[in-house]
Every structure is written in C-alpha cells, then in structure tokens.
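Q: Quick one: the structure is below, and I'll ask about it shortly.
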Amino acid sequence: MKKARLTFLGTGTSQGVPMIGCGCEVCSSKDTRDKRLRASVFVEYDGLSLLVDAGPDFRQQMLRAGVSHVDAILLTHNHKDHTGGLDDIRAFNYLEKKASEIYCEKYVEDSLRMEYGYAFAEKKYPGAPEWHVHNIDSKPFTIHAGGPYEVLTWEHGKGYIHSMAGHDEPVKSVEIIPVRGMHYKLPVLGFRFGNIAYCTDMNNIPEKEFGKLQDLDHFVINCVKYGKHISHFSIEEAVAVAQKVGAKHSWLTHLSHQLPRHSILEKELPEGILPAYDRLMID
C-alpha cells in the first residue's frame, strides 16, 4: 500500500479556536495545541502535493507550513469555512504560471460559480484566480500531474496570456478514493490517500462506505463537542466510528471550544484515539 504524509493545517470549527469575543478556558489557553485554524490538511502522496479544503485561513496556513507548490485542491463540500480562501490561490497561479486544479462535486462547483463569479468570467479582470474545475463523486478518481498544461504569462494591463506547454503524457498519476458522508442533509466527501483517510464535517457515514476504510494506518474524523450535534459527529459518535474503522491510529479534528483543553481531552479518549492539533504531521 502506498503511504502518504498528512499535515494538519487547521483543526478547528467554522469559527476557529479561540472564538471571537470568547474568554472561556479553551479560548484563553496558552497551549498552542488549543489554537486552531479552520479545518484543512496538506497531503504529500506518491510525489504529489494535495490540499484538502481552502478556508478563510488558507493564506496563513500556506505561509505557516511553508507550502510553495500544490498539484491539486480537493474540496469536501461548499461551506465557507472550507472554500473561503480560494481567491488566494492567485499566488500559486503567478508563481507557477499555471491554473490551479480543483476537484469537487458538481453542486460545489455551482456554489463556486456564484461565490467567485469573477474567476469564471469569460473576460476576467487582470489578476483574477485561474483554475480548472474537475467534477468528482464518490467513485475513485485519478489526479494527473506533469502532462500538458496552459502556461500563464503575465502581461501588464491585460492579465494572463495563455499558451500550452508540458509533456504529452502525465509524469505522475495517483488514485484517490472518496468517502461519502452526510453533513446533516448535505452530501460531503472525505478522501483516502493510501494508508490515511480524512473525513470531516460529517454526522453520518453510510454502511457501504466503511469498506473503503479498511486496513488504515491513520483515520481522521471530525467532532465538535460532547453530546448530540445536528450536523457533526459528537465525541461519543466519532469514537464509535473510529473504533468501527479500526485504524492503527485515529485522530479527531474540527474541534470546538466546547470541548476540554487539548491536555485534558487527550486523557479522556480511548487508547489509539487522540485529538489532532494544528501543524501535527502523520505518516
């Protein structure tokens, strides 16, 4: 089995931790593990650099992690805390002189076209983000890198001029296995990268999807608090899902300030299950 390396760029909820205006013991904690940006991960897999979600903290996360290259961006769903930073991919467009590759479901693309209409315009203003959107669903798909692509050459006053370059055939290709989940009534996707699976913003995983989660070294699952939540797993539910999956190591993400401080929470969880934290790396 191919192995991946995953870096947690953010492990917080849609409001992050600390939350604006809150003085609770978690939000006022001095432990850096209690400082949580919006949920996102950077995955290095079989020679490719992949990003899952690009929320409002995208720029800060890229700078903090020292990321200078991304082959593709995978979006789990269309909520703002997972797509709100996509305008900042302009930096990669400029430095790498090519459009960014985005993989998402059709309804997510429809949302992007509404939210970022200027990026899809036939006549773009100079400097608008450049991206290619690839529609996916819950079936495995392949990401190619190194094949023919459009070169973006900046011309002052006009913006990007497009031309073709690259190899005739892809240099690298990797297969990604999506994992279907439900976020209340909204269908969302998690992703398996070899020995690691990442699932966030779910409160239900259909039984048939568990076949995609066998023989994992690492399983990442979301939870927001103790007790029932309408659209996210609770701690109790996330632990039950993790134990059902049976990975060697399980990690909790999308954590809120309603949970105990990291140093307390890690002691309350069963063996083999731990809270993730920003900048943690697993492989």
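Q: Scan (1) farther than 23 Å from Y103 by Cβ; (2) buried (at least 23 other Cβ atoms within 10 Å of the Cβ) for the single condition F58 breaks and write down its number.
A: (1)
Q: Testing D168 on (1) of a type outside the set (G, A, S); (2) part of a loop (DSSP other than H, G, I, E, B); (3) modelled with pLDDT of 85 or more; (4) surrounded by fewer than 12 Cβ atoms within 10 Å (Cβ to Cβ), one condition comes back false. Which one is that?
A: The failed condition is (3).
Q: A follow-up question, please. Residues in segment 262-283 that are farther than 15 Å from S40 by Cα, crowded, with 18+ Cβ neighbours inside 10 Å and touching a residue at least 40 places away in the same chain (Cβ under 8 Å): how many?
A: Residues in segment 262-283 being farther than 15 Å from S40 by Cα, crowded, with 18+ Cβ neighbours inside 10 Å and touching a residue at least 40 places away in the same chain (Cβ under 8 Å): 1 in total.
Q: Oh, and also: From D31, D46, grab the single residue that is surrounded by fewer than 22 Cβ atoms within 10 Å (Cβ to Cβ) and in contact with a His (Cβ under 7 Å, 6 or more places away or on another chain).
A: From the options D31, D46, the qualifying one is D31.
Q: Ok, one more. Please name all residue pairs, on different chains or six or more residues apart, with Cβ atoms under 6 Å, provided the first residue is in segment 121-135 and is surrounded by 11 or more Cβ atoms within 10 Å (Cβ to Cβ) and the second residue is basic (K, R).
A: The qualifying pairs are P129/R90; N135/K106.
Q: Moving on. Just a yes or no: is a residue in segment 243-262 out of contact with any Ser or Thr (no Cβ under 8 Å at 6 or more places or on another chain), within 20 Å of N78 (Cα to Cα) and among the β-branched types (V, I, T)?
A: no
Q: Being hydrophobic (A, V, I, L, M, F, W, C) and under 15 Å from the mean Cα position of the chain (by Cα) narrows it down to one of I177, I205, so name that one.
A: Matching residue, one of I177, I205: I177.
Q: Looking at segment 235-256 only, could you name the residues that are buried (at least 16 other Cβ atoms within 10 Å of the Cβ) and either outside any loop (DSSP other than H, G, I, E, B) or without any contact (Cβ under 8 Å) to a residue 12 or more places away in the chain (or both)?
A: Passing the criteria: I235, E237, A238, V239, V241, A242, V245, S250, W251, L252, T253, L255.
Q: Could I ask something else about it? Looking at segment 71-104, which of the residues that are within 21 Å of Y118 (Cβ to Cβ) and of a type in the set (A, V, I, L, M) is surrounded by the fewest Cβ atoms within 10 Å (Cβ to Cβ)?
A: L95
Q: What helices (runs of 4 or more DSSP H), lying completely within segment 32-135, carry at least 3 residues that are under 18 Å from the mean Cα position of the chain (by Cα)? Can you show your working first?
A: Values: elements: 58-65, 80-83, 90-96, 106-115, 117-120.
Because the criterion is at least 3 residues that are under 18 Å from the mean Cα position of the chain (by Cα), the helices (runs of 4 or more DSSP H) in segment 32-135 that meet it are 58-65, 80-83, 106-115.
Q: I'm checking my understanding of the structure. Among residues of segment 219-234 that are out of contact with any Asp or Glu (no Cβ under 8 Å at 6 or more places or on another chain) and either buried (at least 22 other Cβ atoms within 10 Å of the Cβ) or aliphatic (A, V, I, L, M) (or both), which one is farthest from N195 (Cα to Cα)?
A: I230
Q: Quick one: Y45 ticks every box in (1) closer than 22 Å to G181 by Cβ; (2) at pLDDT below 95; (3) of a type in the set (S, T, Y) bar one, so which box is it?
A: Evaluating Y45 over (1) closer than 22 Å to G181 by Cβ; (2) at pLDDT below 95; (3) of a type in the set (S, T, Y) leaves (2) as the failure.
Q: Here's a follow-up. Exactly one of these conditions fails for Y198: (1) among the aromatic types (F, W, Y); (2) in a helix (DSSP H, G or I); (3) surrounded by 22 or more Cβ atoms within 10 Å (Cβ to Cβ). Give me its number.
A: Answer for Y198: the failing condition is (2).
Q: Could you list, ordered by first residue, the pairs with Cβ atoms under 9 Å in which the first is in segment 96-111 and within 25 Å of M182 (Cα to Cα) and the second is in a helix (DSSP H, G or I) and among the hydrophobic types (A, V, I, L, M, F, W, C), at least 6 apart or interchain?
A: Here the result reads I102/L86; I102/I89; I102/V108; I102/L112; C104/L112, each pair linking segment 96-111 to a residue that is in a helix (DSSP H, G or I) and among the hydrophobic types (A, V, I, L, M, F, W, C).
Q: What's the total number of residues in segment 2-25 that are of a type in the set (A, V, I, L, M, F, W, C) and surrounded by fewer than 23 Cβ atoms within 10 Å (Cβ to Cβ)? Show your work before the answer.
A: Step one: filter segment 2-25 for residues of a type in the set (A, V, I, L, M, F, W, C), giving 4, 6, 8-9, 17, 19-20, 22, 24.
After this cut, where a residue has to be surrounded by fewer than 23 Cβ atoms within 10 Å (Cβ to Cβ) as well, the list is 19-20, 22, 24.
Within segment 2-25, residues that are of a type in the set (A, V, I, L, M, F, W, C) and surrounded by fewer than 23 Cβ atoms within 10 Å (Cβ to Cβ) number 4.
Q: For G211, indicate whether it is in contact with a Pro (Cβ under 7 Å, 6 or more places away or on another chain) and either modelled with pLDDT under 95 or not in a strand (DSSP E or B) (or both).
A: Here the answer is no, as G211 does not meet what is asked.
Q: A further question follows. Does M182 qualify as being surrounded by fewer than 20 Cβ atoms within 10 Å (Cβ to Cβ) and modelled with pLDDT under 95? Spell out how you get there, then give the answer.
A: Working: surrounded by fewer than 20 Cβ atoms within 10 Å (Cβ to Cβ): yes; modelled with pLDDT under 95: no.
So M182 does not fit the description; no.
The values are calculated or read from the model by the stated rules, or taken from the named source; none is laboratory data. Fair warning: this is a prediction, and the values are worked out from it, not measured in the lab. FYI the Cβ positions are ideal-geometry reconstructions off the backbone, even for glycines, and counts take in every protein chain you see.
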